[in-house]
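Asks: There's a structure below that I have some questions on.
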Amino acid sequence: YLLGQLSSIALSKTGIVADVNLNFSSLSVVFVILFTIAIVLLSTLYPSIVATRAAVPSGKRTWSLPPHTGDRMEVPLPFIYQPDVLVGAMRYLEEYFERFTQASVGEMIAQRVHKARQDDEAGREYYLLQYNVALAPFDLGVTQKVHLQAGYDEDLQAHRIVMTIERVSGEDSNWATTNRPFLEKLRGHLIHWRNLTAEEHSEYVRQGKQSFRA
């Protein structure tokens, strides 16, 4: 409607439709349209607020570094997975760490030291990955062990990936500082998993079953 009114004004001003009188509606129609747009936009606020609180239960708008005790840091990964794609998510993580080999130049150097597929007491499969990681800037000498375990969480009643970090070397302050960009990028990588297509998920599952084959 608005485009039509603007077009008619333009045609009248330019003289393209000379000797033709255009009948304009009253401004009340425009006000009704703008009022409707405002109502629609306002109606999205409440669902947006609810979705934000659900995504960040603590109420924080930004991600913060998890607390650590001594040389150990438990990193909660707020993602749950269907059991049939869990191995694909671990393969997705394995592929991420493969980018950072000894020959690479980046924010870390990662060396895989352990990979396994095992069964828990209930007979459910779970997957393990462990890396020795050196974090940039490398002159700070920060190295750590990164443990990733994907399986069924009894408390959460869902499948998830749990990450534990153990400091090997480096000052405590440097360890915390260098882990922040490392964890932010890893978290962003996991978030991107949700944007993959079903075909891409299936391909990662296929690769994961082959990679974690006992």
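Asks: Look through region 90-116, keep the residues that are open to solvent by less than 80 Å² (accessible area, probe 1.4 Å) and in a loop (DSSP other than H, G, I, E, B), and return whichever of them is nearest to residue 201 (Cα to Cα).
Replies: Looking only at region 90-116, we keep the residues that are open to solvent by less than 80 Å² (accessible area, probe 1.4 Å), and these are 90-97, 100-101, 104, 106-110, 113-116.
Among the residues that remain, those that are also in a loop (DSSP other than H, G, I, E, B) are: 100-101, 104, 106-107.
Working: 100: 22, 101: 25, 104: 27, 106: 27, 107: 27 Å.
It comes out as 100.
Asks: With respect to residue 188, is the statement that it is in a loop (DSSP other than H, G, I, E, B) and either open to solvent by less than 60 Å² (accessible area, probe 1.4 Å) or not polar (S, T, N, Q) (or both) true? Talk me through it step by step, then tell me what you get.
Replies: On the way: in a loop (DSSP other than H, G, I, E, B): no; either open to solvent by less than 60 Å² (accessible area, probe 1.4 Å) or not polar (S, T, N, Q) (or both): yes.
The answer is no for residue 188.
Asks: Within region 191-214, which residues are in contact with a strand residue (DSSP E or B) (Cβ under 9 Å, 6 or more places away or on another chain) and open to solvent by less than 70 Å² (accessible area, probe 1.4 Å)?
Replies: Matches in region 191-214: 193, 208, 211, 212.
Asks: Based on this model, can you work out whether residue 87 counts as part of a helix (DSSP H, G or I), at pLDDT 90 or above and either exposed (fewer than 15 other Cβ atoms within 10 Å of the Cβ) or among the aliphatic types (A, V, I, L, M) (or both)?
Replies: On the way: part of a helix (DSSP H, G or I): yes; at pLDDT 90 or above: yes; either exposed (fewer than 15 other Cβ atoms within 10 Å of the Cβ) or among the aliphatic types (A, V, I, L, M) (or both): yes.
When the stated conditions are applied, residue 87 passes them.
Asks: Provide a single number: the residues in region 58-73 that are modelled with pLDDT of 65 or more and surrounded by fewer than 10 Cβ atoms within 10 Å (Cβ to Cβ). Outline the logic, then answer.
Replies: First pass over region 58-73, keeping only residues modelled with pLDDT of 65 or more: 64-73.
Now narrow it down to the ones that are surrounded by fewer than 10 Cβ atoms within 10 Å (Cβ to Cβ): 64, 67, 69-70.
Matching residues across region 58-73 total 4.
Asks: Only one of (1) within 15 Å of the chain's Cα centre (by Cα); (2) under 24 Å from residue 70 (Cβ atoms); (3) assigned to a helix (DSSP H, G or I); (4) not hydroxyl-bearing (Ser, Thr, Tyr) fails for residue 161. Which number is that?
Replies: (3)
The values are calculated or read from the model by the stated rules, or taken from the named source; none is laboratory data. Note that the structure is predicted; figures quoted are calculated from it, not measured. Glycine also receives a Cβ, built like all others from the backbone with ideal geometry; neighbour counts cover every protein chain displayed. Remember, those area values only see protein heavy atoms, side chains included, never the ligands or the DNA or RNA. Shrake-Rupley method; radii C 1.70, N 1.55, O 1.52, S 1.80 Å.
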